[in-house]
1. Counting DSSP beta bridges in the chain, what percent are antiparallel, to the nearest 5?
2. Roughly how many debye, to the nearest 20, is the charge dipole of the range 383-453 about its Cα centre, given +1 on each Lys and Arg Cβ, -1 on each Asp and Glu Cβ, and no other charges?
3. Between (i) 25.9, 77; (ii) 31.3, 137; (iii) 24.6, 74, which entry matches Rg and Dmax of the Cα atoms in Å as derived from the coordinates of this structure?
4. Taking R0 as 45 Å, what's the FRET efficiency between Q352 and T215 from their Cβ-Cβ distance, rounded to 0.05?
5. When a/c is below 1.5 the answer is rounded, else prolate if a/b is larger than b/c, else oblate, so apply that to the range 275-354 with a ≥ b ≥ c taken from the square roots of the Cα gyration tensor eigenvalues.
6. So in the range 340-398, what percent of DSSP beta bridges are antiparallel if you round to the nearest 5?
7. With each pseudo-label sitting 7 Å past Cα toward Cβ, what's the L423-E88 distance in nm, one decimal?
8. Give, rounded to the nearest 20 debye, the magnitude of the charge dipole that the chain has about its Cα centre when Lys and Arg contribute +1 at Cβ and Asp and Glu contribute -1 at Cβ.
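Read-outs throughout are calculated quantities, based only on the coordinates presented, and are distinct from any laboratory measurement. Only a predicted model underlies this, so the values are computations on that prediction, with no experimental measurement involved. With ideal geometry, Cβ positions are generated from the backbone for all residues, glycine too; neighbour counts draw on all protein chains shown.
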Amino acid sequence: MNDDLKNNLAPSDNITVASKETEEKFDEKMREIKLKEKEKLVQGAAQQLGLGYINLTGFPIGPETLSIIPKEIAQKLNAVCFLKTGKEIRLGVVNFENTEIQDLAQEIAQKNHAHVAIYLISENSFKIALKLYEHIPTIKKSVTDIEITETDINRFRRELSQVKDLAEKIHQAPLTEIFTMILAGGIQSKASDIHIEAEEQDVKIRYRIDGVLHTVATLPKEAWPRIISRIKLVSGLKINIDKVPQDGRVTLALMNEKIDVRVSTVPTAYGESVAMRLLMSTAASLAFNELGLSSYTLKIIEKQISRPNGMILTSGPTGSGKTTALYAFLNKINTPETNIFTLEDPIEYKLQGINQSQVDYTKNYDFASGLKHILRQDPDIIMVGEIRDLETAEIAIQAALTGHLVFSTIHSNDSSGVIPRFLAMGTKPFLLAPALNAVMAQRLVRKICPDCKEEEVLDSDTLSKVKETLGKIPASSGYKFDPNKKMVFYKGRGCDSCHSTGFQGRTGIFEVFIMNAEIEKIILSGQVSEYQMKDVAIKNGMVTMVQDGLLKALDGITSVVEVFRVAE
């Protein structure tokens with residue numbers, strides 16, 4: 001074959017190029033078709049799940065909106081934030097069945113005080129949105145600048161063996177470490193709350209230890225703006241907002257426990273003040289027999305929480321241990337055979353094997369509406385965080401009358417004030433009476449420090465008051481008062497172990513009455529006073545909180561002064 005013929009038969013460069021372009025166009029067309037098919041599948045799945053759907057191809061997402069979810073979390077959960085307008089935030093998720101998505105949505109709603117809607121998106125949409133993170137302007141900060149590490153917490157806990165050490169060491173620490181030092185001191189001293197309060201001349205740091213506030217250190221006023229900025233940064237608050245209250249949180253994952261720190265900022269006359277609630281996971285494992293119930297009260301409660309239906313209420317002021325007591329009750333009766341639901345505001349501790357739901361007022365999910373939904377889940381036992389209105393009260397009563405065991409709390413000074421409070425709300429007496437099983441009121445008293453415990457001699461007036469109170473304890477409680485028997489009481493002298501307070505730890509003092517025919521008759525009359533209820537409850541064997549506290553004082557657990565301070 002001659003060369004001219006070969007040249008004529010061989011494909012030209014132009015033909016080769018044309019073929020490649022055609023092939024590329026064909027491949028591109030096929031990719032487009034496949035992407036459209038996948039989008040249709042995702043859209044159909046969204047309709048079946050009752051979710052919104054969006055294709056993010058070409059959708060404008062601002063950096064501020066995108067950064068609501070950090071990139072590492074977005075990659076982990078295949079979720080992005082694509083729209084934020086006023087009080088509305090929209091999330092695009094690839095896998096709606098991932099349980100962490102709901103937690104993420106709830107956290108975003110709380111941080112931003114907004115309603116969060118979840119939309120289903122395709123993997124292609126997610127990849128498009130993920131690339132936009134590259135265009136978010138970054139602030140060059142090391143991880144240690146914005147995080148509190150376990151190493152730092154433990155280092156400061158070793159340095160702050162005594163609360164009084166904080167006052168000295170806080171003035172030697174760099175500004176970036178002060179917040180970590182304050183948290184470490186709170187954890188080390190087992191404080192339930194930390195208050196940082198801006199005043200005219202300085203900033204005071206106070207720890208609530210065993211229910212009592214102690215001023216532990218002061219900060220110079222000029223350092224406060226930088227310190228509160230760091231607190232806001234770590235707890236996810238807006239740094240440039242200082243005229244309205246904000247709520248945030250910090251989670252400390254230590255080796256032996258997880259600590260949630262709920263942060264609240266409020267503007268005051270001299271600048272913002274901060275309150276932090278330390279929620280330690282170890283508190284959730286409190287055993288039923290560690291609440292401090294006397295043997296008499298323990299038997300009553302044990303019997304009542306074992307009943308298949310009815311309502312059991314705990315009452316007392318904020319911080320009196322009501323929720324902790326209910327958690328202990330639930331832990332006691334939690335078995336694989338029972339379906340337990342709680343409705344809380346907020347969920348303070350996670351309980352193993354129990355379904356816990358948190359109210360969200362931004363979504364009209366309050367105690368009343370939440371309780372309605374929970375009843376559709378076929379629960380055996382329900383815990384309602386608090387009954388504060390008529391609608392919630394009526395639904396809880398109906399649940400108790402229809403085969404459910406219901407636990408809840410209500411604000412009242414003592415157990416005798418609970419029933420009048422219900423009737424004042426407008427509940428129907430003929431429904432309340434058969435629904436109610438038992439009412440318990442409680443307070444927390446400080447326990448005497450075992451390292452500096454010593455005998456206390458009471459003055460004659462106090463001793464007479466103690467004898468008079470103990471002499472009224474019903475014989476049915478099993479306690480027999482002998483006025484001629486010498487009574488020995490104790491107090492704490494104050495030492496390093498108890499930060500010189502004389503107390504270490506707290507326990508409960510309680511009063512409980514159970515329903516009977518006489519109490520039911522009084523309720524049905526509709527005319528109930530607290531004094532009448534108290535007289536009837538005592539007549540039927542109730543040991544009052546003051547009496548329960550004095551019995552604990554006789555056992556050397558707490559002091560007489562502490563009992564009268566808390567319960568009188």
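1. On the way: 57 of 88 bridges.
Roughly 65 percent of the DSSP beta bridges within the chain come out antiparallel.
2. On the way: 7 positive and 6 negative charges, 73 e Å.
That gives the range 383-453 a dipole magnitude of about 360 debye.
3. Read-out taken from this structure: (ii).
4. Details: r = 38 Å, r/R0 = 0.85.
Computed FRET efficiency for Q352 and T215 comes out at 0.75.
5. Details: a/c = 1.66, a/b = 1.25, b/c = 1.33.
In terms of gyration-tensor shape, oblate.
6. 10 percent
7. 4.9 nm
8. Numbers: 68 positive and 73 negative charges, 177 e Å.
Approximately 860 debye in magnitude.
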